[in-house]
Each structure stands twice: as structure tokens, then as C-alpha cells.
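Here is the structure we will look at, set down as C-alpha cells.
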Amino acid sequence: MLIRLTYASRTKGVLGPADVKDIIRTSQSNNAKVGVTGALLLVDGVFLQCLEGSVASVNALYHRIALDPRHQQTSILAFSEIDRRLFGGWSMGLVPAIADNLSLLFSYSPALAFDPFAMKASALDALFTELVARARVLSN
Ligand SMILES: Cc1cc2nc3c(=O)[nH]c(=O)nc-3n(C[C@H](O)[C@H](O)[C@H](O)COP(=O)(O)O)c2cc1C
């Protein structure tokens with residue numbers, strides 16, 4: 001069975017684009033080995049990540065990620081069975097925090113700031129679908 005898990009977390013300490021690239025590099029090589037795909041973004045100290053794959057591989061990965069000292073307050077926001085992957089082309093895609101993407105993220109947020117913790121699962125799915133449709137998910 002194929003599933004998609006979406007979670008958010010808050011950075012511990014100051015992390016920037018170089019740290020995100022480092023995480024993406026490690027993720028791409030590890031995830032490709034276990035058939036996990038997804039995307040990651042970091043905006044205003046908040047990580048939002050989508051993980052797709054088998055129940056076993058996504059659960060194992062999520063529990064490993066949750067222990068990572070670079071972030072805290074990991075919260076699962078959405079978890080569902082899916083028929084097909086949204087991020088089939090990315091073992092871990094990067095959504096850069098550029099102005100066009102920020103305005104899209106804010107348009108989905110109930111608050112004025114980007115706050116995925118307050119978003120409905122359906123809004124998170126719609127956001128990721130739109131990011132893919134607009135070709136905003138990069139490979140590095
Ligand atoms: C926000 C965030 C997202 C991460 N996503 C992944 C991921 O998708 N895949 C992965 O293997 N590691 C991910 N990591 C890194 C893991 O926590 C861990 O450091 C890494 O898997 C260890 O891999 P290594 O043993 O090959 O060094 C992530 C870390 C953070 C902070």
C-alpha cells in the first residue's frame with residue numbers, strides 16, 4: 001500500500017538554505033534506496049515535508065527524522081493512502097523559499113504568516129499539488 005505522510009516541525013537553532021541543501025542531498029541518496037519520494041521546504045524556521053512510499057518505509061523514515069537534532073516539535077499533519085505519487089520524479093524535491101512560492105504558501109495559510117500547523121490536510125494536499133503543477137519543486 002502506498003501512503004503519503006505530511007508533517008511540519010520547527011528548526012532548532014538557525015538553519016539556512018545550505019543546511020536544507022545538505023538535508024536534501026542525504027535524503028535523495030537514502031530515499032532512493034527505499035522507494036521514498038517527497039518534497040521539503042523551510043520557511044521562517046518551519047519545515048514542511050511530504051513523504052510518500054510504503055507504510056513500512058515512510059514510518060521508519062519519519063521516526064528517524066523526528067529524532068534529528070536540527071528540528072523540534074515534529075507534528076504529523078496528514079496521513080493517507082494514495083493511488084499514485086505526487087512526487088514520483090523526486091526522491092526528495094526542494095521547494096525554494098523564493099518570493100513566488102512564499103505568496104503561494106501564504107495564500108493557503110489561515111494566518112498572515114506561513115503556518116502549516118494550522119492547515120487542513122486537504123489544503124496541504126492542494127498546496128503540494130499546485131507546487132508540482134507550477135514546476136516549483138526542484139531537484140537540488
Ligand atoms: C527536516 C528534515 C528532513 C529530513 N528528511 C530526510 C529524508 O527525507 N530522508 C533521509 O534519509 N533523511 C532525512 N533527514 C535526515 C535524517 O534525520 C538523518 O540525519 C539522515 O537520514 C541520516 O542519514 P545517514 O545515516 O545516511 O547520514 C531529514 C532531516 C531533517 C531535519
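The values are calculated or read from the model by the stated rules, or taken from the named source; none is laboratory data. Note that the coordinates shown come from a computational prediction; the quantities given were computed from them, not determined experimentally. In this analysis, Cβ positions are derived from the backbone assuming ideal geometry, glycine residues included, and neighbour counts consider all displayed protein chains. Remember, those area values only see protein heavy atoms, side chains included, never the ligands or the DNA or RNA. Shrake-Rupley method; radii C 1.70, N 1.55, O 1.52, S 1.80 Å.
Table for the structure above
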| read-out | value |
| --- | --- |
| Summed side-chain charge close to E130 - residues other than E130 whose Cβ falls under 12 Å, Lys, Arg +1, Asp, Glu -1 | 0 |
| Cα shape, the range 72-140, gyration tensor, a/c 1.5 rule | oblate |
| Share of carbon and sulfur in the accessible heavy-atom surface of the chain [1.4 Å probe, %] | 56 |
| Interchain or long-range residues, amide H under 5 Å from A39's placed H | C50, G93 |
| The chain shape via C-alpha gyration tensor axes, a/c threshold 1.5 | rounded |
| Ellipticity estimate at 222 nm from DSSP helix runs (n ≥ 4, -39,500 (n - 2.57)) divided over the chain, nearest 500 | -12000 deg cm²/dmol |
| Two-site FRET efficiency, L104 against R64, from Cβ-Cβ distance with R₀ of 35 Å, rounded to 0.05 | 0.75 |
| Lys, Arg +1 and Asp, Glu -1 on Cβ, resulting dipole of the range 2-133 about Cα centre, debye, nearest 20 | 360 |
| Per residue, in Å², the accessible surface of the chain once ligands and nucleic acids are set aside, probe 1.4 Å | 49 |
